[in-house]
Amino acid sequence: MRYIIIFILFISFSTTAQVMHCGYDFTSYIVLDVHETNKETNIKKLKITIVDSEGRDIINLNNVYSFKYRNEALSFTSNYLIGDDNKRLKEGVVAKKERWFFPFAKDNYLLSVSNTFPADNFSIKVEDIDGAENGGEFKTVIVPLYSYNMYILCSNESQEAAVKFGRKMNKPINVVLEKK
């Protein structure tokens, strides 16, 4: 009897020990590179949201689209630098060991969504609202979203896609803004 119990425990521990998880399980990211024509620097302080076919902001009701910002509009935020103490650096502050909080996004906008997010049903709305640092200089742009725009970070799909032809996975969406 003792051997049977040990055997059952061994089997249960060996199967659970093989399951590996990462910090991004069940989560994907949408990353945007928003800039002017012929410029590489990202435009700061923009209002960027996910919208439906009529241009209305999508609300994350009961965390159906993202595990963050329950019952709020799906809004993009800017990636930021962290310093030696792994805390956010204030603007203009320099640290010896500064790096991006989300290293895959660099100096871009990003939004965390669930892996089941139906990207093909939505678009991205980029607005330079009055009062922002840019003073409303840029025209509003709506860009369609596709499922291949999502960064899937905990999957073998990204490794498999590296050898395939076609659009590469985990590449920021390039959004070019024009002045009004």
Considering every residue within region 93-114, establish whether at least one is surrounded by fewer than 14 Cβ atoms within 10 Å (Cβ to Cβ), without any contact (Cβ under 8 Å) to a residue 12 or more places away in the chain and hydrophobic (A, V, I, L, M, F, W, C). yes
Quick check on residue 49: is it loosely packed, with under 15 Cβ neighbours inside 10 Å and hydroxyl-bearing (Ser, Thr, Tyr)? no
Pairs only if they're at least six apart or on different chains, beta carbon under 6 angstrom, first in region 71-83 and under 9 Å from residue 109 (Cα atoms), second part of a strand (DSSP E or B) and open to solvent by less than 20 Å² (accessible area, probe 1.4 Å); list them, first residue then second. 76/48; 76/109; 76/111; 78/109; 79/110
If I ask for residues that are over 21 Å from residue 33 (Cα atoms) and either open to solvent by less than 20 Å² (accessible area, probe 1.4 Å) or touching a helix residue (DSSP H, G or I) at 6+ places or on another chain (Cβ under 6 Å) (or both), which ones from region 72-92 would you list? 83
Any residue that is at pLDDT below 65, in a loop (DSSP other than H, G, I, E, B), on the phi > 0 side of the Ramachandran plot and surrounded by fewer than 14 Cβ atoms within 10 Å (Cβ to Cβ) - is there at least one of those in region 135-158? no
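The values are calculated or read from the model by the stated rules, or taken from the named source; none is laboratory data. Just so it is clear, the model here is predicted, and its values are computed rather than measured. Methodologically, a virtual Cβ is constructed for each residue, glycine included, from the backbone with ideal geometry; neighbour enumeration extends over all protein chains shown. These area figures cover heavy atoms from the full protein model, side chains too; ligands, DNA and RNA do not enter into them. Shrake-Rupley method; radii C 1.70, N 1.55, O 1.52, S 1.80 Å.
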